[in-house]
Amino acid sequence: MSDILPLSWFQRETSEVAYDLIGCVLCKRQPDGQVIRCTISETEAYLGVRDKACHSYNDKRTARTEVMYCPGGTIYVYLIYGMYEMLNLITQTEGVPEGVMIRSAFLNSASTKKDYKLLAGPGKLTRYLGIDRTLKGQTLGEESGLWVEAASTQPEVVLTPRIGIDYAEEAKHWPERYCWKDHPSLSR
């Protein structure tokens, strides 16, 4: 039997959740009922109202960001560049608008460099798994068809600055990108 993480697991400090997600298994039920499981290898933490890279920076509440104020375990999917869906898992408690972006993962069947790069990047990951904005605002779990299972081991994790947020001034240097050390599935 799988070990689905409870919602309370996500209702913790965002950086801790981002770190602890490395090695966990992201699961997505497909329209035909099949479940695709992939192991998370890279995340980024977004630290809410004080983080210039976060959508809720400066307590900015809009129709797009309102979901970030939900309790940890809520799903936040948004579109960037008009073509890439980005998967974020809300953390903390209700009213604290923080979350973790899932940047990269790999299928357990991966054996070649090409296999490992299949889900190497947030857009590639969501496209392969069929994750889109219809999940926005839903809760992680079997009912929504998207959930996270516990890691069987905690790999060595390294921290680096986040990627693609040059606009975020000093926040672009924060070491809030969590990577499975030297793993071939990392986005870059």
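Loop-only chymotrypsin sites (Phe, Trp or Tyr not before Pro) in segment 48-107, please: DSSP not H, G, I, E or B, and at most 14 other Cβ atoms within 10 Å.
For chymotrypsin sites (Phe, Trp or Tyr not before Pro) across segment 48-107 that sit outside H, G, I, E and B with at most 14 neighbouring Cβ atoms in 10 Å, the list reads Tyr81.
Are there any chymotrypsin sites (Phe, Trp or Tyr not before Pro) in segment 1-38 that are in a DSSP loop and have at most 14 other Cβ atoms within 10 Å? List them by number.
none
What relative contact order, as a whole-number percentage, does segment 1-149 give when Cα pairs under 8 Å and 6 or more residues apart are counted?
28
For the chain, what does the helix formula give at 222 nm: sum of -39500 (n - 2.57) over DSSP H segments with n ≥ 4, over the residue count, nearest 500 deg cm²/dmol?
Only helices count here, giving -3000 deg cm²/dmol.
I'd like to check one number: the per residue accessible area of segment 1-92, probe 1.4 Å, reported in Å² as a whole number.
43
For segment 73-188, which whole-number percentage of the solvent-accessible area (1.4 Å probe, protein heavy atoms only) is attributable to carbon and sulfur atoms?
Carbon and sulfur: 50 percent of the exposed surface of segment 73-188.
So what J values fall out for segment 111-122 if you push phi through Karplus, 6.51 cos²θ - 1.76 cosθ + 1.60 with θ = phi - 60°, rounded to Hz, Gly and Pro as x?
9, 10, 4, 4, 4, 5, 7, 4, 10, 8, x, x
Loop only by DSSP, 12 or fewer other Cβ within 10 Å of the Cβ. Give me the GluC sites (Glu not before Pro) in segment 30-106 that pass, ordered by residue number.
Within segment 30-106, the qualifying GluC sites (Glu not before Pro) (loop, at most 12 other Cβ atoms within 10 Å) are Glu94.
Could you do me a favour and compute the accessible area per residue for segment 119-188, 1.4 Å probe, result in Å²?
For segment 119-188, the per-residue accessible area is 52 Å².
Search the structure for amide H atoms under 5 Å from the amide H of Arg103, placed 1.01 Å from N in the peptide plane, and list their residues when 5 or more places away or on another chain.
Under 5 Å from the amide H of Arg103: Glu42, Thr43, Glu44.
Give the Rg (one decimal place) followed by the Dmax (whole number) of segment 104-188, computed from C-alpha coordinates and expressed in Å.
14.8, 40
Based on a Kirkwood Rh over C-alpha pairs, give the Stokes-Einstein translational diffusion coefficient of the chain at 4 °C and viscosity 1.567 mPa s in µm²/s.
Result for D is 80 µm²/s.
Work out the length of the dipole vector of segment 37-126 about its Cα centre, built from +1 on the beta-carbon of each Lys and Arg and -1 on the beta-carbon of each Asp and Glu, and round it to the nearest 20 debye.
The dipole of segment 37-126 has a size of about 340 debye.
State, to one decimal in nm², a quarter of the convex hull surface area for the C-alpha atoms of segment 19-129, i.e. the direction-averaged projected area.
Averaging across all directions leaves 7.7 nm² for the Cα convex hull.
The values are calculated or read from the model by the stated rules, or taken from the named source; none is laboratory data. Source: prediction; values computed, not measured. Glycine also receives a Cβ, built like all others from the backbone with ideal geometry; neighbour counts cover every protein chain displayed. The accessibility values were calculated without ligands, DNA or RNA, using every heavy atom of the protein model including side chains. Shrake-Rupley method; radii C 1.70, N 1.55, O 1.52, S 1.80 Å.
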